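Just below is one structure, and these are the notes that go with it.
The values are calculated or read from the model by the stated rules, or taken from the named source; none is laboratory data. None of the values given here were measured: they were computed from a predicted structure. All Cβ positions, glycine included, derive from the backbone under ideal geometry; neighbour counts span all protein chains shown.
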């Protein structure tokens, strides 16, 4: 959305989501309105690393197929708002709404849910009917955009480099606000926005020459010894924190991977077991990014700190290419707006 706005500042956005409006207020300068709407189930998470497949099935059974009345209601709203394009971020709900509203639809994804759910059919065949339903919806989209690391190498109208929010504040200014100098070693620890309690905080004190930043690790800003806990929403813009760091340690999720890729810094990454996206993302990191694979058990226990010195010796990779978001923004403006 920001990239589209950077190309054409007259464009505004009607965002249908359950994501809190503050996330968009903190992320984009464009005009927007949020409409509270559940648009996607994905996987119901037990923790940042474990999904609850039984609950996921229950939610999918309640949610799908999309009720005709819902499609009709939202399409009426979309027409009243004079929307001219529907952009779907993985979620397919917007595709039938766009069809009924008589506007084109664009799907932006690095995987689709039918592809993800295929992994679980051997253990639970109840996923099969949802796979077929999703596949039929995705095939109806007018424009299909894939972003690296793309999990399924099917045809697309456009394939781009990783998509991330752009860096806004110079690293030295971010560090200064945190009370750190250019020479202080700084490491961000993240599980991608899903609440996670860390049992290794005492262990961080064993590394007094490194300052650790833990976004979303508590309800309030706390500066303790050599680490800082930030609330889920803080005055620090996450891509800027990543860019100001010497390394990131944590779970591989798309947004984290893309932000670390854009910053070019080393990534101590933990993949989710029993999640099909993990393989392609790990392969992309191994090929395109400086990084070290960490076991989930080592991350949870804090034993990953034994590998931190090796991670920090990896060279930063300067990025000179176009952020995938900018590529998509220009493409959408040229083709649809």
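Does at least one position in the stretch 51-63 carry a residue that is under 30 Å from residue 298 (Cβ atoms) and assigned to a loop (DSSP other than H, G, I, E, B)?
Residues of the stretch 51-63 that are under 30 Å from residue 298 (Cβ atoms), as a first pass: 51-56.
Of the ones still in play, those that are also assigned to a loop (DSSP other than H, G, I, E, B) are 52.
Checked the stretch 51-63: at least one residue is under 30 Å from residue 298 (Cβ atoms) and assigned to a loop (DSSP other than H, G, I, E, B).
Has the stretch 176-196 got any residue that is surrounded by fewer than 17 Cβ atoms within 10 Å (Cβ to Cβ) and in a helix (DSSP H, G or I)?
Checking the stretch 176-196: at least one residue is surrounded by fewer than 17 Cβ atoms within 10 Å (Cβ to Cβ) and in a helix (DSSP H, G or I).
Does residue 279 satisfy being within 26 Å of residue 56 (Cβ to Cβ), surrounded by fewer than 21 Cβ atoms within 10 Å (Cβ to Cβ) and touching a helix residue (DSSP H, G or I) at 6+ places or on another chain (Cβ under 9 Å)?
Working: within 26 Å of residue 56 (Cβ to Cβ): yes; surrounded by fewer than 21 Cβ atoms within 10 Å (Cβ to Cβ): yes; touching a helix residue (DSSP H, G or I) at 6+ places or on another chain (Cβ under 9 Å): no.
So residue 279 does not fit the description; no.
On the basis of being at pLDDT 95 or above and assigned by TED's automatic domain parsing to the domain that holds residue 297, does residue 212 make the cut?
Spelling it out, residue 212 is indeed at pLDDT 95 or above and assigned by TED's automatic domain parsing to the domain that holds residue 297.
Please state which one of 18, 56 is under 17 Å from the mean Cα position of the chain (by Cα) and under 23 Å from residue 114 (Cβ atoms). Give the derivation first.
Values: 56 fails: under 17 Å from the mean Cα position of the chain (by Cα).
Result of the check over 18, 56: 18.
Spot the failing condition for residue 252; the list is (1) over 17 Å from residue 163 (Cβ atoms); (2) within 16 Å of the chain's Cα centre (by Cα), and only one is missed.
(1)
Tell me which of these residue 274 doesn't satisfy, since it passes every other one: (1) touching a residue at least 60 places away in the same chain (Cβ under 8 Å); (2) farther than 30 Å from residue 52 by Cα; (3) surrounded by fewer than 18 Cβ atoms within 10 Å (Cβ to Cβ).
Here residue 274 meets the rest and fails (2).
Can you find a residue that is touching a strand residue (DSSP E or B) at 6+ places or on another chain (Cβ under 7 Å), within 30 Å of residue 334 (Cα to Cα) and in contact (Cβ under 8 Å) with a residue 12 or more places away in the chain anywhere in the stretch 62-72? It would help to see each step written out before you state the result.
Let us first name the residues in the stretch 62-72 that are touching a strand residue (DSSP E or B) at 6+ places or on another chain (Cβ under 7 Å), namely none.
There is no residue in the stretch 62-72 that is touching a strand residue (DSSP E or B) at 6+ places or on another chain (Cβ under 7 Å), within 30 Å of residue 334 (Cα to Cα) and in contact (Cβ under 8 Å) with a residue 12 or more places away in the chain.
Which residue, of 334, 310, 298, is in contact with a helix residue (DSSP H, G or I) (Cβ under 8 Å, 6 or more places away or on another chain) and surrounded by fewer than 19 Cβ atoms within 10 Å (Cβ to Cβ)?
298
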